[in-house]
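The values are calculated or read from the model by the stated rules, or taken from the named source; none is laboratory data. These figures come from a predicted structure and were not determined experimentally. Positions of Cβ are generated from backbone atoms using ideal geometry, with glycine treated the same way; all protein chains shown enter the neighbour counts. Quick note on the areas: whole protein, heavy atoms, side chains included, nothing else; ligands and nucleic acids left out. Shrake-Rupley method; radii C 1.70, N 1.55, O 1.52, S 1.80 Å.
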Amino acid sequence: MALFTFGTSNTSTGVDIGTSSVKIVQLKKSPSGPELIAYAMAPLPTGAVEEGNIKDAQTVSAVIKDVLKTSKLRPDRSFASISGQNVIMRFTKLPIMTPDELEQTVRIEAEQYVPYAIDEVSITHAVLNELTEEEGGGKYSILLVVAQKELVNSYLDVLKAAGITNEAVDVDTIAAVQTAGAQEGGEVVAIIDSGARTTNISVLKSGILMFTRNIPIAGNNITQMIMNVMKQEFEQAESIKVQEAEVTIGDTGGNEVAEVVKTTVEELASEIRRSFDYFKAQSREPLIHRIILTGGSANLKSFNTYLSNELGVDVFMGNPLEGISVTVQDTEMLYNNLQQFCVAIGLALRGVTD
């Protein structure tokens, strides 16, 4: 689903502007399925993007323009995303009606959730599924998405300054879900996308999104703890986290950094558990069958094992390249940072699977 759609081509480019870096992936349509033909990644200076808001538009657009030039990547049909932490997403049920009637009804329904003037926001929706007779029948399950126009336009302006004409703006949470892969009928799967600033939780049943929540605890919280305890600057603390940090399991020993990060990881696991409990109570689903872990912070050593032990659910590392053939020559950076490319891949898939 998208907040705005503008514009066809056999290639599709996903642009993920995150807190700490920009990730770009280009896919190509082919008879055998999507092909990854180009990708790029570049760090962003600290403070250029904060809490999903672009603070230094000139720097961000310059970074994107430069990485496109050095990687010789030429976006044609492009898709970008804004952070789910700055978007209002609500699930509701509405009677089956014509598309035009639904559009009007959704706008009226969404107004009760909007804390801004209605002309200052973009309102869109996705029909997730039609309820079965057992679920009440005669209704659609709807996901409402509301975002401030100023926020959306800030991303569009940055992309335009970098030479990218964007076709649609999506939500990073939704983009990550696109890479979840096939699910068995009736299976309940949680996708935990842990990045630099936030951890997004999405729960799907039979591939249909049923619940989503953003938790403001993620990789940067761990970096901040290392800065505070070990008296390091941000860059040094980030390097220590990536190279040395691990999550200890139970009472087993760990290195010095493991003790520093333990408090943050425990807090995150507690918030994930609360989210699962809320979902189960609201949906009356007794079990979450498995967890798919994605995002840059998913690479924290033993994080997947720790979550599995704490939550009592099998945890699998996400594979955003499932069903995608990789034909680009140099793949080292791609595979070394695969979890960080999850949103960009999900965005690019919009243009080669629709």
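Farthest toward the positive end of the dipole of the range 231-319, out of 289, 264, 319, is the Cα of 289, where the dipole comes from beta carbon charges about the Cα centre.
Which net charge results for the neighbourhood of residue 41, defined as the other residues with beta-carbon distances under 11 angstrom from its beta-carbon, given Lys and Arg at +1 and Asp and Glu at -1?
Values: positive: 23; negative: 16.
Residues close to residue 41 contribute a combined charge of 0.
Net charge dipole, the chain: roughly 540 debye, given to the nearest 20, about the Cα centre with Cβ charges of +1 for Lys and Arg and -1 for Asp and Glu. Among the listed pairs 28/65; 29/160; 23/241; 55/93; 72/231; 29/72, those with a Cα-Cα distance over 29 Å are 55/93; 72/231. Residues 96, 64, 324, 249, sorted by accessible area with the largest first, give 96, 249, 324, 64 [1.4 Å probe; ligands and nucleic acids excluded].
A cut-off of 5 Å between modelled amide H atoms, ignoring neighbours fewer than 5 places along the same chain, links residue 246 with 258.
Placing +1 at every Lys and Arg Cβ and -1 at every Asp and Glu Cβ, with all other atoms neutral, what dipole size does the range 266-349 have around its Cα centre, in debye to the nearest 20? Intermediate results must be reported in sequence, preceding the final value.
Numbers: 6 positive and 10 negative charges, 52 e Å.
The dipole of the range 266-349 has a size of about 240 debye.
Coupling constants for the range 124-136 follow from the phi torsions by the Karplus curve (6.51 cos²θ - 1.76 cosθ + 1.60, θ = phi - 60°), and in residue order they are 9, 8, 9, 7, 6, 5, 9, 5, 6, 4, 5, 8, x Hz; glycine and proline get x.
Within 11 Å, Cβ to Cβ, of residue 200, how many net charges do the neighbouring residues add up to if Lys/Arg are +1 and Asp/Glu are -1?
0
Across the range 145-158, computed HN-Hα scalar couplings (Karplus, 6.51 cos²θ - 1.76 cosθ + 1.60, θ = phi - 60°) run 10, 10, 9, 5, 4, 4, 5, 4, 5, 5, 6, 4, 5, 5 Hz from first to last residue, x flagging Gly and Pro.
Excluding same-chain neighbours fewer than eight residues apart, the aspartates and glutamates reachable from residue 301 by a Cα-Cα span under 12 Å are 244, 246. Amide H to amide H, with H built 1.01 Å from N, residue 22 comes under 5 Å of 42, 44, counting only residues 5 or more places away or on other chains.
Looking at the range 257-305, which chymotrypsin sites (Phe, Trp or Tyr not before Pro) are in a loop (DSSP not H, G, I, E or B) and have at most 10 other Cβ atoms within 10 Å?
Values: sites: 276, 278, 279, 303; in loops: none.
Nothing satisfies the criteria.
The listed residues 294, 212, 165 rank as 165, 212, 294 when sorted by accessible area, largest first, using a 1.4 Å probe.
Considering only DSSP beta bridges whose two residues both sit in the chain, what percent are antiparallel, to the nearest 5? Rounded to the nearest five, the antiparallel share is 70 percent. Taking every Cα-Cα distance in the range 201-255 and sorting them into 5 Å bins starting at zero, the pair-distance distribution P(r) comes out as 4, 16, 18, 14, 14, 12, 11, 8, 3, 0 percent.
Once backbone amide H atoms are built at 1.01 Å from N, residue 129 has 141 as its partners under 5 Å, excluding neighbours fewer than 5 places away on the same chain.
What is the range 104-238 by shape, rounded, prolate or oblate, if you read a ≥ b ≥ c off the alpha carbon gyration tensor as root eigenvalues and call it rounded for a/c under 1.5, prolate for a/b larger than b/c, and oblate otherwise? Walk me through the numbers before you get to the answer.
Numbers: a/c = 2.15, a/b = 1.37, b/c = 1.57.
It comes out oblate by the Cα gyration axes.
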